[in-house]
Every structure is written in structure tokens, then in C-alpha cells.
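Q: The structure that follows is given in the form of C-alpha cells.
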Amino acid sequence: MAKQILYALFLFLLSTTMELTTASSAAAAGTSKRAVNFIQASCKSTTYPTICFSSLSGYANSIQTSPQRLAETALTVTVSQAQSTKVFVSRLARFKGLKKREVQAIRDCIEEISDTVDRLTKSVQEVKMCGRAKGRDQFWFHMSNAQTWTSAALTNAITCSDGFARRIMDGRIKNSVRARIVNLGRGTSNALALINAFAKKY
């Protein structure tokens, strides 16, 4: 009799645990779905919505429905993209048989992308400070800084690309660099749009 009671109790506890797990999973799935929908809707306001959504949807659980975390994540992703672009361009400088113009353009580009990384990193910090701001003035001080740094980072990327613009630079090096810079520019442009959207929510 005692064994039957213990077995029945075990089944009850198992059933209860499974119900709680299922409910928890359903709630998590619901939250994630809301977050994904939020990211998708927010990305529609950017210049490159498809790129925006594909690069940020994987962070839905972290972003949730926070405009600040969305902007911060977009910047962080773009910082990583800028760092990988810098590494890629730096490796090109080691190629043999480069023309003098190509060598100079690569060096200039590395400098511009280094500035891009630095400015985007500063922008991440400014967006974080927006969330800790005490009062309107403090918020807009940090928001203005974030917008300025991100705009400057976008200008750096464009300047790098311009260094390979002339026909004399045509070739694999030019195509490789500009393809990377175009992608970086799009990511930075999207991040700036999301920062501006965060500002409007304040």
C-alpha cells in the first residue's frame, strides 16, 4: 500500500513538473516572439531592413522590446564587423605585387577603419549612459554624442571606400575592400537609424 502511495505521489510530482516546464517554455517562446516582432518592426525604419533584421534577430532574447538595447546591440554587432574588416584589410597589405597606389590606399583605409572601430565603441558607451541618465539634459548629452560618433564612423567607412574609387585602382584588391566597406557602411547606417529611433522614444 505504501509503495502505491509513493508511486502515485511520484506521478503527481512528475506531472506537475512537466506542466510547469511546458508553461515556462511557452512563456519564453511568447516573449521571444514579441521580441522578434519588435526587432522586425524597428528594422523597417532603417535603410537596409533585411540586413538589420538578419543581423539582430539572433539577439532577440537579450533585446526583448527595448529600443535602447536594440540600438546598443546594433552598435556592438557593427563594432565586431568593423574589427573583422580591419583585420581583412590589414592582411591585404601583405600581398606581394601591389601597386604603390594600392599600398597607400590600404594604409589609409586601415587608419579610417581603426577610427571607425574607436568611434563605434564610444557610441556603444554613450548609448549605455543614456539608459543611466538622470534627467532629460543628461540623456540628450549622451544621445548627441552617440549620434555624432556613429555619423563620424560612417564617414570613415565612406572615406576608405573613396580611396579605391578611381579606375586605376580596378582589380581584385579594390573589389574585395569595397565589398567589405559597403557591408560595414550599411551596418553602421542601420545602427544610426536605430539610435535615432531610440531618441524619438524618449
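The values are calculated or read from the model by the stated rules, or taken from the named source; none is laboratory data. Model, not experiment: these values are computed from the prediction. Cβ placement follows ideal geometry from the backbone for every residue including glycine, while neighbour counts extend to all protein chains displayed. These area figures cover heavy atoms from the full protein model, side chains too; ligands, DNA and RNA do not enter into them. Shrake-Rupley method; radii C 1.70, N 1.55, O 1.52, S 1.80 Å.
Q: Looking only at the stretch 119-155, which residues are surrounded by 21 or more Cβ atoms within 10 Å (Cβ to Cβ) and acidic (D, E)?
A: E126
Q: Step by step: first the residues of the stretch 63-87, then only those that are farther than 21 Å from F198 by Cβ and hydroxyl-bearing (S, T, Y), then the one that is least open to solvent (accessible area, probe 1.4 Å). Which residue is that?
A: T85
Q: Restricting attention to the stretch 157-173, which residues are open to solvent by 10 Å² or more (accessible area, probe 1.4 Å), in a helix (DSSP H, G or I) and modelled with pLDDT of 75 or more?
A: I158, T159, S161, D162, R172, I173
Q: Give the stretch 38-58 a look and list any residue that's surrounded by 18 or more Cβ atoms within 10 Å (Cβ to Cβ) and either touching a His at 6+ places or on another chain (Cβ under 8 Å) or farther than 13 Å from T78 by Cβ (or both), or say none.
A: Passing the criteria: I39, S42, C43, F53.
Q: Being in contact with a Gly (Cβ under 8 Å, 6 or more places away or on another chain) and farther than 30 Å from K174 by Cβ is the requirement here; does Q81 meet it? Before the answer, list the steps.
A: On the way: in contact with a Gly (Cβ under 8 Å, 6 or more places away or on another chain): yes; farther than 30 Å from K174 by Cβ: no.
For Q81, the condition - in contact with a Gly (Cβ under 8 Å, 6 or more places away or on another chain) and farther than 30 Å from K174 by Cβ - is not met.
Q: Failed condition for N183, given (1) touching a residue at least 60 places away in the same chain (Cβ under 8 Å); (2) surrounded by 21 or more Cβ atoms within 10 Å (Cβ to Cβ); (3) closer than 21 Å to T47 by Cβ, with all others met?
A: (2)
Q: OK, next. Quick one: how many residues across the stretch 88-106 are without any contact (Cβ under 8 Å) to a residue 60 or more places away in the chain, open to solvent by 70 Å² or more (accessible area, probe 1.4 Å) and either in a helix (DSSP H, G or I) or among the β-branched types (V, I, T) (or both)?
A: Here the count works out to 3.
Q: Determine whether C109 is more than 27 Å from G171 (Cα to Cα) and assigned to a helix (DSSP H, G or I).
A: So C109 fails the test.
Q: Take F198 and decide whether it is part of a helix (DSSP H, G or I), aromatic (F, W, Y), open to solvent by 30 Å² or more (accessible area, probe 1.4 Å) and modelled with pLDDT of 95 or more.
A: No; evaluated as a whole, the condition is false for this residue.
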